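Undergrad: Below is one structure. I have some questions about it.
The values are calculated or read from the model by the stated rules, or taken from the named source; none is laboratory data. All of these numbers come straight from a predicted model, not from anything done at the bench. Note: ideal-geometry Cβ built from the backbone for every residue, glycine included; neighbour counts use all protein chains shown. Surface areas here come from the heavy atoms of the whole protein model, side chains and all, with no ligands, DNA or RNA. Shrake-Rupley method; radii C 1.70, N 1.55, O 1.52, S 1.80 Å.
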Amino acid sequence: GAVVSQHPSWVICKSGTSVKIECRSLDFQATTMFWYRQFPKQSLMLMATSNEGSKATYEQGVEKDKFLINHASLTLSTLTVTSAHPEDSSFYICSASVGLTSRGQYFGPGTRLTVT
Amino acid sequence: AQKVTQAQTEISVVEKEDVTLDCVYETRDTTYYLFWYKQPPSGELVFLIRRNSFDEQNEISGRYSWNFQKSTSSFNFTITASQVVDSAVYFCALSTGTASKLTFGTGTRLQVTL
């Protein structure tokens, strides 16, 4: 089945630094990738939708200059949290889609970001 | 706008009990897709089922069963003879159109104890 990986699985960074999270579709080409954020004991909130070769579409309230998304190829999307602050600490999950499939989206295992 | 409501925040049952997780959705689209995902403590989402709006047949997969009723906009999930390994957070989600953008419910935390 389709596999999506994320790297790193967890990261600790200092306040003010930037951190990049990679999302890869390992055995298929993803036309669309999604980035979600999940705070403890809360639901997944969609941050942005990215299509290969075009700018990401951000959800309302998500700062595009803070959360930089690049979808350079059909198998790789990156999320960069710039000038991270403790309130950015969260679980970030990516997913990949090839359009309408029997499973909708294929989710990565998530990246736990802690900003100190 | 789409909305998914999971009114049950937390449910605690004893092993071998049956448990039903409720999901109510709202959408104006006539074509849509409903999903259930399991999120164990590890955090990785596990796909359980997808149902399209034109297929109201209930489905059974082992101890899991789903009841889809368009008349009440509900897509409930039942676990029969629950086990400790079923302990997780379960999310119901809705997708419309071909963009496959998902709207998640707030999740139901299921705790199964011995």
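Undergrad: In the protein assembly as shown, which Cys residues have no partner Cys with a Cβ closer than 4.7 Å?
TA: Flagged as lacking a Cys partner: A:13.
Undergrad: Sticking with this structure for a sec: Remind me, relative contact order of chain A in percent, using alpha carbon pairs under 8 angstrom and six or more residues apart?
TA: Working: 294 pairs, mean separation 42.8, N = 116.
Over chain A, the number comes to 37 percent.
Undergrad: Aspartates and glutamates near residue B:16 by alpha-carbon distance under 19 Å, same-chain residues fewer than 8 away left out - which ones?
TA: Candidates past the 8-residue exclusion: B:86.
Undergrad: A further question follows. Shielding by partners for B:103-112, please: the mean number of other protein chain Cβ atoms within 10 Å of each residue's Cβ. Could you put the intermediate results ahead of the total?
TA: Numbers: counts 3, 7, 2, 4, 5, 0, 1, 0, 0, 0.
Taking the mean over all residues of the peptide, I get 2.
Undergrad: For residue B:80, what accessible surface area do you get with a 1.4 Å probe? Give it in Å², rounded to 10.
TA: My reading of the accessible area for residue B:80 is about 60 Å².
Undergrad: Further, regarding this structure: In the structure displayed, which of A:41/B:3; B:3/B:38; A:66/B:38; A:20/B:38; A:20/A:55; A:41/B:38 lie more than 24 Å apart, Cα to Cα?
TA: On the way: A:41/B:3 19 Å; B:3/B:38 19 Å; A:66/B:38 30 Å; A:20/B:38 27 Å; A:20/A:55 17 Å; A:41/B:38 14 Å.
Long pairs (Cα-Cα over 24 Å): A:66/B:38; A:20/B:38.
Undergrad: Quick one: accessible surface of residue B:70, probe radius 1.4 Å, all protein chains present, in square angstrom to the nearest 10.
TA: Its accessible surface works out to 70 Å², give or take rounding.
Undergrad: In peptide A:85-91, what is the residue-averaged number of other protein chain Cβ atoms found within 10 Å of each Cβ?
TA: Rounded to a whole number, the mean comes out at 0.
Undergrad: List the aspartates and glutamates whose alpha-carbon lies under 19 Å from that of residue A:64, not counting same-chain residues fewer than 8 positions away?
TA: Output for residue A:64: A:22, A:52, A:87, A:88.
Undergrad: Accessible area, 1.4 Å probe, largest first: how do A:4, A:98 sort?
TA: Working: A:4 10, A:98 65 Å².
Accessible-area ranking of A:4, A:98, largest first: A:98, A:4.
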